[in-house]
1. Output the number of residues of segment 139-152 satisfying the condition of being within 16 Å of E46 (Cβ to Cβ) and open to solvent by less than 50 Å² (accessible area, probe 1.4 Å).
2. Can you find even one residue in segment 22-31 that is touching a residue at least 60 places away in the same chain (Cβ under 8 Å) and in contact with a His (Cβ under 7 Å, 6 or more places away or on another chain)?
3. For segment 194-205, give me each residue that is touching a Gly at 6+ places or on another chain (Cβ under 9 Å) and either at pLDDT below 95 or more than 17 Å from A259 (Cβ to Cβ) (or both).
4. Restricted to segment 123-134, and to residues that are of a type outside the set (V, I, T), touching a helix residue (DSSP H, G or I) at 6+ places or on another chain (Cβ under 9 Å) and not in a helix (DSSP H, G or I), which residue is most open to solvent (accessible area, probe 1.4 Å)?
5. Pairs please, first residue from segment 86-109 and surrounded by fewer than 20 Cβ atoms within 10 Å (Cβ to Cβ), second anywhere and in a strand (DSSP E or B), Cβ atoms under 7 Å, 6+ apart in sequence or on different chains.
6. Are any of the residues in segment 170-184 modelled with pLDDT of 95 or more and more than 20 Å from L41 (Cα to Cα)?
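The values are calculated or read from the model by the stated rules, or taken from the named source; none is laboratory data. The shown structure was predicted, so the numbers you read here are calculated from the model rather than taken from an experiment. In this analysis, Cβ positions are derived from the backbone assuming ideal geometry, glycine residues included, and neighbour counts consider all displayed protein chains. Please note that ligands, DNA and RNA were not included when accessible areas were found on the heavy atoms of the full protein model with its side chains. Shrake-Rupley method; radii C 1.70, N 1.55, O 1.52, S 1.80 Å.
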Amino acid sequence: MSGRWRIAAAQYDIRRPADWDGYVRRIGDWVTEAADADASLLVFPEYGGLELAGLDEREALTAADGFAVVHEHLAAFKALFHDLARGHGLHILAPSVPVRARGGRYRNRAMLFGPHGRLGWQDKLRLTRFETSLDLLEPGEGLTRFATALGGLGIITCYDSEFPDVARALVRAGADTLLAPSCTESVTGFNRVRIGCRARALENQCYTVQASLVGQAPWMPVIDVNHGAAGVFGPPEPGLPGDGLLASGREDEPGWVYADLDTTVLAEIRRHGEVGLHEEWTCAEPGLPDVRQRGGRATPGGGG
């Protein structure tokens, strides 16, 4: 399948959960709201999973302590989104979480779940100066293109969206829609990701989707202050809005932002549009990252 379907991009407000059951209820309410609006794919933001660090009773945690707390709840976190995706019969890009890697470091991982289970994950490839300064994170390796009933999907987490080669590799591998979960503490950071998403949609004649973390979490230094808004973008071409803006939320206001996407429109634009960027964009292509292919059904074990 592919064709016309609805996407929901979150402006997810960070909150300290009182307990695990409270977290499950809150996430369940968010998913149910989007499912009731006929969304087929839900996109949560980067580092939204760090909310779980608040389950620790300490008033404030270091980044290392917070990552460790989240790791303790990782299995339950994955089971929750697995069950929600299956139960509602839709796709969910869960909020990204730090996942332990070699040497005690972590990778910033976004996991994609579908109606039949977990499809796989994408680790963030490029770290910001702030992330590097934590001395806890390491970059991921390689890219994954997900073949789904909604078409080809790729994930360009926050800073990754600002690099043309990441998006280009995924589109060349067959991705029509690129998901950009983000976590930005300032208006400048938010706009860098937004401009990156709009540029990637233009360059590749594809859809890009930005989901944003909003609100404050004083107990967790990595997500203590968050500003942003969700948005859905396409190439400025006939058949789509003239500015390429399909949907945009109000900055820092919690809620879902919806847009209806149609991959058949993209195919027509790529064949007969006013410009031929999808085929003619060749900058640095010999050095594009490798892309793994994952099918539309869950892989047993799945990693992560």
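1. Of the residues in segment 139-152, 1 are within 16 Å of E46 (Cβ to Cβ) and open to solvent by less than 50 Å² (accessible area, probe 1.4 Å).
2. Checked segment 22-31: at least one residue is touching a residue at least 60 places away in the same chain (Cβ under 8 Å) and in contact with a His (Cβ under 7 Å, 6 or more places away or on another chain).
3. L202, Q205
4. Looking only at segment 123-134, we keep the residues that are of a type outside the set (V, I, T), and these are 123-127, 129-131, 133-134.
Now restrict to residues that are touching a helix residue (DSSP H, G or I) at 6+ places or on another chain (Cβ under 9 Å): 124-127, 130-131, 134.
After this cut, where a residue has to be not in a helix (DSSP H, G or I) as well, the list is 124-127, 134.
On the way: K124: 4, L125: 27, R126: 71, L127: 33, L134: 43 Å².
Among them, the one singled out is R126.
5. Partner pairs satisfying both residue conditions: R86/G117; R100/Y106; A101/R107; R105/L137.
6. Yes, segment 170-184 contains a residue that is modelled with pLDDT of 95 or more and more than 20 Å from L41 (Cα to Cα).
Yes/no per residue for (1) open to solvent by 10 Å² or more (accessible area, probe 1.4 Å); (2) not basic (K, R):
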residue: I155; (1), (2): no, yes
residue: D160; (1), (2): no, yes
residue: P164; (1), (2): yes, yes
residue: A169; (1), (2): no, yes
residue: A173; (1), (2): yes, yes
residue: T177; (1), (2): no, yes
residue: C183; (1), (2): yes, yes
residue: G189; (1), (2): no, yes
residue: R192; (1), (2): yes, no
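Residue-wise test of (1) over 20 Å from V225 (Cα atoms); (2) within 20 Å of the chain's Cα centre (by Cα).
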residue: A8; (1), (2): yes, yes
residue: G22; (1), (2): yes, no
residue: Y47; (1), (2): no, yes
residue: F67; (1), (2): no, yes
residue: I92; (1), (2): yes, yes
residue: V99; (1), (2): yes, yes
residue: R102; (1), (2): yes, no
